[in-house]
1. Expected output is a single nm value to one decimal: the length gained when fully extending between THR153 and ALA79, i.e. 0.36 nm times separation in residues minus the C-alpha distance. What is it?
2. Of LYS92/LYS144; LYS92/LYS154; LYS95/LYS126, which ones are farther than 18 Å apart at the Cα?
3. In what sequence do TYR99, TYR128 fall when counting other Cβ within 10 Å, fewest first?
4. Classify segment 65-149: rounded, prolate or oblate, from the alpha-carbon gyration tensor (a ≥ b ≥ c, eigenvalue square roots; a/c under 1.5 rounded; otherwise prolate if a/b is larger than b/c)?
5. Looking at segment 65-149 only, what percent of DSSP beta bridges run antiparallel? Nearest 5 please.
6. Just want the ordering: ARG124, ARG10, from fewest to most Cβ atoms lying within 10 Å of their own Cβ.
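Where a number appears in this text, it was derived from the coordinates with a stated rule and is not lab data. Keep in mind it's a predicted model, so treat the numbers as computed, not measured. Every residue, glycine among them, receives a Cβ derived from its backbone with ideal geometry; neighbour counts consider all protein chains shown.
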Amino acid sequence: MIPSQRSLTRIRFLSTAFFLASIIWPCLSAAQQPEPPPPATSTEAPAPAAPTQESSSTSKHRSKVPPFLILGTVFNEHALAFPGVQVKIRRKGEKKFHYDAYTNSRGEFAIRVPDGIEYEVVVRQKNYQDQSQVVAANKAEVQKRLTFKLVSTKPGKPGEPK
């Protein structure tokens with residue numbers, strides 16, 4: 001039986017691939033071997049470890065995490081968790097808000113702020129009265145937990161309990 005031209009081409013290709021693999025494989029496996037450590041001499045003292053210093057470019061990009069945590073929960077008039085309520089925080093006595101967040105699906109929020117300052121936490125939601133509480137972020141504590149129960153500004157329907 002005479003092999004066809006196609007099968008001869010396949011045989012040549014496979015034999016060439018096998019030949020190249022047998023040449024290249026030892027080189028690749030030797031390149032991946034770790035180098036053995038140099039032999040230690042007893043007359044040399046180990047070099048002192050150099051102090052590690054961060055470059056100024058890496059330290060500039062790291063932001064310091066504020067140490068005080070203001071966290072809380074917002075409830076609606078039926079005492080159910082209220083998701084999606086806007087929570088804003090500003091320094092006491094200022095008009096501009098510096099921190100902003102929204103409550104999660106369980107009506108909770110958490111915002112980190114620098115300590116040593118008094119903050120006003122304002123909770124806002126459409127068709128509800130704004131509520132605020134003052135928090136003193138002193139260094140003796142690390143967090144303050146707040147609870148808000150919003151009151152609707154819409155008039156109730158006749159027959160509904162207040």
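1. Values: separation 74, 0.36 × 74 = 26.64 nm, distance 1.59 nm.
Taking 0.36 nm per residue and subtracting the Cα distance, the gain is 25.1 nm.
2. On the way: LYS92/LYS144 16 Å; LYS92/LYS154 29 Å; LYS95/LYS126 20 Å.
Pairs exceeding 18 Å: LYS92/LYS154; LYS95/LYS126.
3. Details: TYR99 16, TYR128 19.
Fewest to most other Cβ atoms nearby, the residues stand as TYR99, TYR128.
4. Working: a/c = 2.09, a/b = 1.58, b/c = 1.32.
Here segment 65-149 falls in the prolate category.
5. Working: 24 of 31 bridges.
Looking only at bridges with both residues in segment 65-149, the antiparallel portion is about 75 percent.
6. Details: ARG124 14, ARG10 11.
Sorted ascending by nearby Cβ count, the order is ARG10, ARG124.
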